[in-house]
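Peer 1: Quick one: structure below, then a few questions.
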């Protein structure tokens, strides 16, 4: 179930999360001491501290503070952290309403939030410096220096892309055209296992262009016996970037690499998760849905439809009718030709422009989730006309249909709104990663981080 947590960088994030949880729990204890001088004024202080820490952690997670590849400035991190604390504070208010005995005074709560914010900020600053220390990173050796191996150098240049590892060098193989800078090349002067052990190599990534006679299987086997991990280049990219690199993918890798796990228990747990999430969101948002319907009726006038039904492709290529609040004019496609939504699309109404930005137009899809036509988390459902065209132009495109489409998803989190064939190809990389690695915990993390997408209006069009 936790297969996607095996990445070294994610282990660092787990350490960060545990440490910050302890800091937040300690913040409530410190606030109690500052307010009263001792802890006797609050009964069940450990339980209250844990509730305080968990609520704020959920708020931070909703703001993407525990994503592996977040690329924002320090000001952006502080802004997200502030919003995360605000969300956590609102969660505490709800928790106190549900559990009155957990209530603490406003003075203690206010001091706890201030102390916790300062403590988390200081710890995170120190932690981010620590994970950049080269000595603590996983040392990776690349077998190959051709076009395939060069993609690590070309596509993973940023510091955030290499947060969990450092590339020691590229080992050229006979017959390959060298495509990496010469200063990155290394030539072992001893058998590979001896050299790798001497250089403290943790992982060897196989990225040769031609595997015939270039794999050094005996030496790689010797390395495995020393505890050195040996990884295929495609698997390495999938693990470190959170997407499947289509230019490196071949059918046999998809067959043998694992994933696509859909046991009866997994299907049952996913369906239970879908129903629970859909009902929860429905309970929380039904007043906004009523206001949205009223706004559409006022703008468009009597007799104009409030909801919009559109045919989409679901699991295993079966089509269904997706329901949304109507955000475009009724004559948006009067010629019957399906079109991608464009930026500043003149077909969008004034109300439609607003509900698209805050994602209110998507809420009627909860009915599709309850009916079982969609999941709450999954690849975005596309129109049959687009699917037929994209399946011919993009290899492996139909693999995304082995799961039910979703109201939210991994691709929606990691890539902005897609409105072209190129965008569809990029989003497919993330969709395939989700299809291969989906599990209940992954779904929960995506659901929490979707709050960030809605609040910061990322990807809306």
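The numbers here are math on the coordinates, done by the rules we state, and not lab data. This one's a predicted model, so the numbers in the text were calculated from it and none came from an experiment. Don't worry about glycine lacking a Cβ; one is built from the backbone with ideal geometry, like all the others, and counts go over all protein chains shown.
Peer 1: Pairs of alpha-carbon atoms within less than 8 angstrom and 6+ residues apart define the contacts here; what relative contact order does segment 135-241 have, in percent?
Peer 2: Reported relative contact order: 33 percent.
Peer 1: Compute the Cα gyration tensor for segment 264-456, then decide on rounded, prolate or oblate, letting a ≥ b ≥ c be the square roots of its eigenvalues: rounded whenever a/c is under 1.5, prolate when a/b is larger than b/c in the other cases, and oblate in all that remain.
Peer 2: Oblate is the answer for segment 264-456, as a/c is 1.5 or above yet b/c matches or exceeds a/b.
Peer 1: Please compute, for the alpha-carbon atoms of segment 135-241, the extent along each of the three principal axes and give them in descending order in Å.
Peer 2: Answer, in whole Å and largest first: 33, 32, 25 Å.
Peer 1: Continuing with the same structure: Based on the mean of other beta carbon atoms within 10 Å per residue, what is the order of 84-94, 215-225, most packed first?
Peer 2: Most protected by this proxy first, the peptides run 84-94, 215-225.
Peer 1: Something else: Once R0 is set to 30 Å, what does the formula 1/(1 + (r/R0)^6) return for the Cβ-Cβ distance between residue 422 and residue 90, expressed as a FRET efficiency to the nearest 0.05?
Peer 2: The calculated FRET efficiency here is 0.15.
Peer 1: So how much slack lies between residue 294 and residue 386, counting 0.36 nm per residue of separation and subtracting their Cα-Cα distance, in nm?
Peer 2: 29.9 nm
Peer 1: Could you sort the peptides 274-281, 302-309 by per-residue average Cβ neighbour count (10 Å cutoff), highest mean leading?
Peer 2: 274-281, 302-309
Peer 1: Something else: Helix-derived [θ] at 222 nm for the chain: sum -39500 (n - 2.57) over DSSP H runs of at least 4, divide by residue count, nearest 500?
Peer 2: Value at 222 nm, helices only, nearest 500: -16500 deg cm²/dmol.
Peer 1: Show me 95-108, 348-361 ranked by packing, highest mean number of other Cβ atoms within 10 Å first. Mind dumping the intermediate values first?
Peer 2: On the way: 95-108: 13.0, 348-361: 18.5.
The most tightly packed comes first, giving 348-361, 95-108.
Peer 1: Say each of residue 98 and residue 217 gets a label point 7 Å from the Cα, pointing the same way as Cα to Cβ; how far apart are those two points in nm?
Peer 2: Here the modelled spin labels are 5.6 nm apart.
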